[in-house]
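Enquirer: Below are the structure tokens for one structure; questions will follow.
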Amino acid sequence: MRSTLSLAAVTLAAGCLLASPAGAAEPAGITIAAVNNPAMIELKKLSTKFEAGNPNIKLNWVVVEENVLRQRVTTDISTGSGQFDLVFLGQYEAPIFAKNGWLREMNGIPASYDLEDVFQSLRDGLSYEGKLYALPFYGESSMLMYRKDLFAAKGLTMPDQPTCEDVRKFAAALTDKSAGIYGITLRGKPGWGENMAYLSTLVNTFGGCWFDLQWKPQIDSAEWRNAISWYVDLMRNYGPPGATANGFNENLTLFASGKAAMWIDSTYGAGPLYDRKESQVADKVAFASAPVAVTSSGSHWLWSWSFAIPKAAKSPEAAEKFALWATSKEYVRMVAADTGWATVPPGSRKSTYDNAEYLQAAPFASVTLKAMQTADPLKPSMKPVPYQGIQFVGIPAFQSFGTVVGQSIAGALAGQMTVDQALKAGQAAATRAMQQAGYLK
Amino acid sequence: MLKDGKPGRWRMLLQAPAVVALSLWMLVPLALTIYFSFMRYNLLNPEARGFARLENYQFLWGDPAFLPALRNTLVLIGSVLAITVGLGTLLAVLYERRFFGRNAAALLLIAPFFVMPTVSALVWKNMILHPVYGLLALAFAKLGLAPIDWFGTYPMLSLVIILSWEWLPFAFLILFTSLKSLDAEQKEAAQIDGANPAQFFFHITVPHLRRAMSVVVMIETIFLLSIFAEIYTTTSGGPGTATTNLAYLVYSLGLQQFDVGIASAGGILAVVLANVAAFFLVRILAGGLKGGH
């Protein structure tokens, strides 16, 4: 009895000692921080195939809403805490983080990946001093979405490249408030990534810019006044009530439930509009390029949620392997086989747009392609500027004063102040912020 | 029986761990916040670090939105306190008498307190107050009136409505419980003396509730000073700065650009404001506490 017990004890101890050699048999775990939108959720679902093909890599997902993601990723990367191996970020964060030396350069990309297939405009926005620091997962620009049935009923035709004056005339003709149809809906919710994303492109197309070459804010310039007056007049006369609470999601709902005749917003909004379960206008929507006023420079924005690897990541090779897998041509085909061509990651690779099946499944493809290829984050305005970024200014302080300017303009939209007062307040806020940040003396 | 000497020292020694832990818990974050408020510390700008003297404070109170934010904070707190305590008292008196379905009604009355602030704010914004989809818009349309854009035209009022709806259950609960301890003999004595309901309310009920009211006011003030979630999800600081309170101002100027220095300075300013408010509140309510029951 006793000897059996002690034999069992020794065997158990020996077993424990033998069963834990460090490294070789254990899988490397990589932690991925992602946004909770449909494309990422699909990626998470299909990533089990990657794990099956790479048994020594285990994926841990942290999927949160965009604002939370930005906060957590920025805090993690800037303090070098190494909590994440792979993060999602965009053209705003990548150059700033790369400049501070916080990201690993994306080199060692195999020829089979075909990096040239990825849109040049996206790669430019994710690079610093010519080196690439992130791989785009999907890209988006902005465009005009409209109800072709309402246009046909009034005998109106939308040109492929409308002007802002065209849009105003169409909105006036199509607004029928008693029937609950508003000529146009645009973002009004204050925020640097909300209303200011659209308004920056509007200011660009009216010939304006955020800063001159000496970093002096230009918010009280004539171009800003023209752009913002156009926006406020249009929305107050032909837009839905409560516009200052409407961001991307609210406008998508308004348009999908048939209450708006036109909507200028992300090309990513086109996908949900085709989903018959969510949208009442699936067979009535058509697309045109974002309207221009004085110039087409910066008239539509550029953004891509992209994979980046923090310098402090614990398993950078495994992370790069997954990033290359998830942004490859093979992955696009995998999504097409799983949920159909209309739902593949849009706007990142030219080869997607050469595919006949995709063009047939996604009527918004040609307008998206044109927008992606003509958006240039390195030249956002027709004037020379010291910053990069079309719908944002690529400096850290922008997140703060950008939102403050957005708040003032929302105040003008709500009728609480005039456009001139709002622009003056915005100019003061930006000037103070730039002095605080050390750009202005 | 504890005397000076050995038993006294033992008492202090045994209490020491808890006291030390609590002191560190409070002092370390406070000291760090004060330290950071005098530093130039932006997470995204590692080159610009160093001692900033009073720059962060100057940036904050030189902001044109600072005084409006202060005013909005006080207006918000005052309105919500007035509504919740006033309505809470009336409801407590109402629920005192038995009526059919009282327990179910009390449950429904208390329920809003347990809904998450962001959820309540979104429900009010998108389902009740929305000028296109909301219930109020529907009611207005049925009456033939034009719907009101609540958050655009009356942002502060809308916020006060949401916050009062959230905090009324709390005030009601505490006041209702306190009302139960009203002496039955006092009630009978008042009835015998011929007091009418209004006199009974003002001369007996309200003085009895003063202590409970002061508790409600103190706790609600502490939480209402740092209201953020409702503002963030509905108005993002309101058209212009109509609903920016101090907490939201600190967020928009500091936290959004990951500037620890500015955010810390804002935190210290908020601590100062809270202490000033607490000082006045305690003075006003202290009369009811001293020589109480």
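Enquirer: Tell me, which helices (runs of 4 or more DSSP H) lie completely within segment B:105-190 with 2 or more residues that are within 14 Å of chain A (Cβ to nearest Cβ), at negative phi and aliphatic (A, V, I, L, M)?
Expert: Filter on segment B:105-190 gives B:117-123, B:135-142, B:155-179.
Enquirer: Out of the residues in segment A:199-208 that are in a helix (DSSP H, G or I) and either among the β-branched types (Val, Ile, Thr) or in contact with a Ser or Thr (Cβ under 7 Å, 6 or more places away or on another chain) (or both), state the one that is farthest from the other protein chains (Cβ to nearest Cβ).
Expert: Once the filter is applied, the top-ranked residue is A:Thr205.
Enquirer: So, one more: Condition test on B:Met12, is it loosely packed, with under 12 Cβ neighbours inside 10 Å and either over 29 Å from the mean Cα position of the chain (by Cα) or closer than 16 Å to A:Gln435 by Cα (or both)?
Expert: Spelling it out, B:Met12 is indeed loosely packed, with under 12 Cβ neighbours inside 10 Å and either over 29 Å from the mean Cα position of the chain (by Cα) or closer than 16 Å to A:Gln435 by Cα (or both).
Enquirer: Under 30 Å from A:Glu93 (Cβ atoms) and in contact with an Asp or Glu (Cβ under 7 Å, 6 or more places away or on another chain): which single residue out of B:Asn56, B:Asn42 fits that description?
Expert: B:Asn42
Enquirer: What tally of residues in segment A:335-362 results from selecting those that are of a type outside the set (Ser, Thr, Tyr), under 20 Å from A:Leu302 (Cα atoms) and out of contact with any strand residue (DSSP E or B) (no Cβ under 7 Å at 6 or more places or on another chain)?
Expert: 3
Enquirer: Is it the case that segment B:97-117 has a residue that's under 25 Å from B:Ala274 (Cβ atoms) and among the β-branched types (Val, Ile, Thr)?
Expert: Looking through segment B:97-117, none of the residues is under 25 Å from B:Ala274 (Cβ atoms) and among the β-branched types (Val, Ile, Thr).
Enquirer: Does segment B:24-33 include one or more residues that are without any contact (Cβ under 8 Å) to a residue 40 or more places away in the chain, over 30 Å from B:Pro155 (Cβ atoms), outside any helix (DSSP H, G or I) and within 30 Å of the chain's Cα centre (by Cα)?
Expert: The answer is no, given that none of the residues of segment B:24-33 is without any contact (Cβ under 8 Å) to a residue 40 or more places away in the chain, over 30 Å from B:Pro155 (Cβ atoms), outside any helix (DSSP H, G or I) and within 30 Å of the chain's Cα centre (by Cα).
Enquirer: I'm trying to understand the selection: among the residues of segment A:238-254, which are within 12 Å of chain B (Cβ to nearest Cβ), in contact with a helix residue (DSSP H, G or I) (Cβ under 7 Å, 6 or more places away or on another chain) and farther than 14 Å from B:Lys125 by Cα?
Expert: A:Pro240
Enquirer: Let me ask you something else. Within segment B:272-284, can one find any residue that is out of contact with any strand residue (DSSP E or B) (no Cβ under 7 Å at 6 or more places or on another chain) and modelled with pLDDT of 90 or more?
Expert: Looking for residues that are out of contact with any strand residue (DSSP E or B) (no Cβ under 7 Å at 6 or more places or on another chain) and modelled with pLDDT of 90 or more, one finds at least one in segment B:272-284, hence yes.
Enquirer: Evaluate the following for B:Ala121: is it surrounded by 15 or more Cβ atoms within 10 Å (Cβ to Cβ) and closer than 23 Å to B:Gly240 by Cα?
Expert: Judged against the criteria, B:Ala121 is a match.
Enquirer: What number goes with the only condition from (1) without any contact (Cβ under 8 Å) to a residue 12 or more places away in the chain; (2) closer than 28 Å to B:Phe38 by Cα that B:Pro197 does not pass?
Expert: (2)
Enquirer: Now, a different point. Would you pick out the residues in segment A:337-374 that are closer than 27 Å to A:Ile309 by Cα and part of a helix (DSSP H, G or I)?
Expert: Correct list: A:Thr343, A:Lys350, A:Ser351, A:Thr352, A:Met372, A:Gln373.
Enquirer: Note down all Cβ pairs under 6 Å where the first residue falls in segment A:415-432 and is within 11 Å of chain B (Cβ to nearest Cβ), the second is surrounded by fewer than 19 Cβ atoms within 10 Å (Cβ to Cβ) and aliphatic (A, V, I, L, M), and they're at least six residues apart or on different chains.
Expert: Taking only residues 6 or more apart or on different chains, not a single pair turns up.
Enquirer: Right, something else. Of the numbered conditions (1) under 18 Å from A:Glu140 (Cα atoms); (2) in a helix (DSSP H, G or I), A:Pro380 satisfies every one except a single condition; which is it?
Expert: Going through (1) under 18 Å from A:Glu140 (Cα atoms); (2) in a helix (DSSP H, G or I) one by one, A:Pro380 breaks only (2).
Enquirer: Still on this model: What is the one condition in (1) closer than 25 Å to B:Thr84 by Cβ; (2) without any contact (Cβ under 8 Å) to a residue 12 or more places away in the chain that B:Ala121 does not satisfy?
Expert: Condition (2) is where B:Ala121 drops out.
Enquirer: Take A:Asp166 and tell me if it is more than 30 Å from B:Asn45 (Cα to Cα), part of a helix (DSSP H, G or I) and in contact (Cβ under 8 Å) with a residue 12 or more places away in the chain.
Expert: Yes.
Enquirer: Further question on the same structure: Out of (1) within 14 Å of chain A (Cβ to nearest Cβ); (2) over 23 Å from A:Ala437 (Cβ atoms); (3) not acidic (Asp, Glu), the odd one out for B:Pro64 is which?
Expert: (2)
Enquirer: Are any residues in segment A:175-196 within 13 Å of chain B (Cβ to nearest Cβ), surrounded by 24 or more Cβ atoms within 10 Å (Cβ to Cβ) and of a type in the set (A, V, I, L, M), and if so, which ones?
Expert: Within segment A:175-196, A:Met196 is the sole residue that qualifies.
Enquirer: Right, here's the next one. Hey, which of the helices (runs of 4 or more DSSP H) in segment B:201-290, taking only ones fully inside, have at least 3 residues that are within 14 Å of another protein chain (Cβ to nearest Cβ) and surrounded by 18 or more Cβ atoms within 10 Å (Cβ to Cβ)?
Expert: B:229-234, B:246-253, B:260-289
The values are calculated or read from the model by the stated rules, or taken from the named source; none is laboratory data. All of these numbers come straight from a predicted model, not from anything done at the bench. Every residue, glycine among them, receives a Cβ derived from its backbone with ideal geometry; neighbour counts consider all protein chains shown.
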